[in-house]
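Structure record follows, encoded as structure tokens.
The values are calculated or read from the model by the stated rules, or taken from the named source; none is laboratory data. Everything quoted here is computed from the prediction, not taken from an experiment. Methodologically, a virtual Cβ is constructed for each residue, glycine included, from the backbone with ideal geometry; neighbour enumeration extends over all protein chains shown.
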Amino acid sequence: MRNVTRHLVRSALALAAATVLGVSTATGAAAGTNGPTIYDTTNYKAWAVFLSWGEHLRVGDTYADGRSAVAVWIVEGGSRFRHCWDNNGANNGYKDCDYAIPDGKKVHYHVCLGNYGTERILTRTCGTWGTMVS
């Protein structure tokens, strides 16, 4: 009987620990997690992804058309959109923009095509918004 009681107590403690861990990871992003990879609306010429650990936004240009890929993002509750441009040509890796965003803040981002020289964003090419918690 003592072994059965000990087993039940251990099982209850394991369940309680799993519940606490589940609640804590649901409210914030786990270290090293990525947000959804977002694409533009023109047949996947550009992509962007937000990495919660270290607050990095990566954007890549995958099509040689003379345009640059640009990720547009904002912290929830913020008043200013920011940009991360990949202007080094198509298929040359990605641009990694490193930001200091307080932990637990929602970051909304999408990717578009644009002209880096004039910083003109072609809004009709912007894909859907992704969201990630920093």
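For segment 99-117, filtered to residues that are out of contact with any strand residue (DSSP E or B) (no Cβ under 6 Å at 6 or more places or on another chain) and within 14 Å of ASP86 (Cα to Cα), the residue that is surrounded by the fewest Cβ atoms within 10 Å (Cβ to Cβ) is GLY117.
Among the residues making up segment 38-71, a single one is surrounded by fewer than 23 Cβ atoms within 10 Å (Cβ to Cβ), of a type in the set (Gly, Ala, Ser) and closer than 13 Å to THR131 by Cα: SER52.
Filtering segment 76-134 to residues that are farther than 16 Å from PRO36 by Cα and β-branched (Val, Ile, Thr) leaves ILE101, THR118, ILE121, THR123, THR125. In segment 89-108, the residues that are on the phi < 0 side of the Ramachandran plot reach residues that are part of a loop (DSSP other than H, G, I, E, B) and among the hydrophobic types (A, V, I, L, M, F, W, C) with C-beta atoms within less than 8 angstrom, at least six apart or across chains, in these pairs: ALA90/ALA64; VAL107/ILE101; HIS108/TRP129. Which strands (runs of 3 or more DSSP E) does segment 46-134 wholly contain that include 3 or more residues that are out of contact with any Cys (no Cβ under 8 Å at 6 or more places or on another chain)? Qualifying strands (runs of 3 or more DSSP E): 46-51, 68-75, 82-86, 94-98, 106-115, 130-133. ILE74: under 17 Å from TRP129 (Cβ atoms), modelled with pLDDT of 85 or more, surrounded by 17 or more Cβ atoms within 10 Å (Cβ to Cβ) and β-branched (Val, Ile, Thr), yes or no? No.
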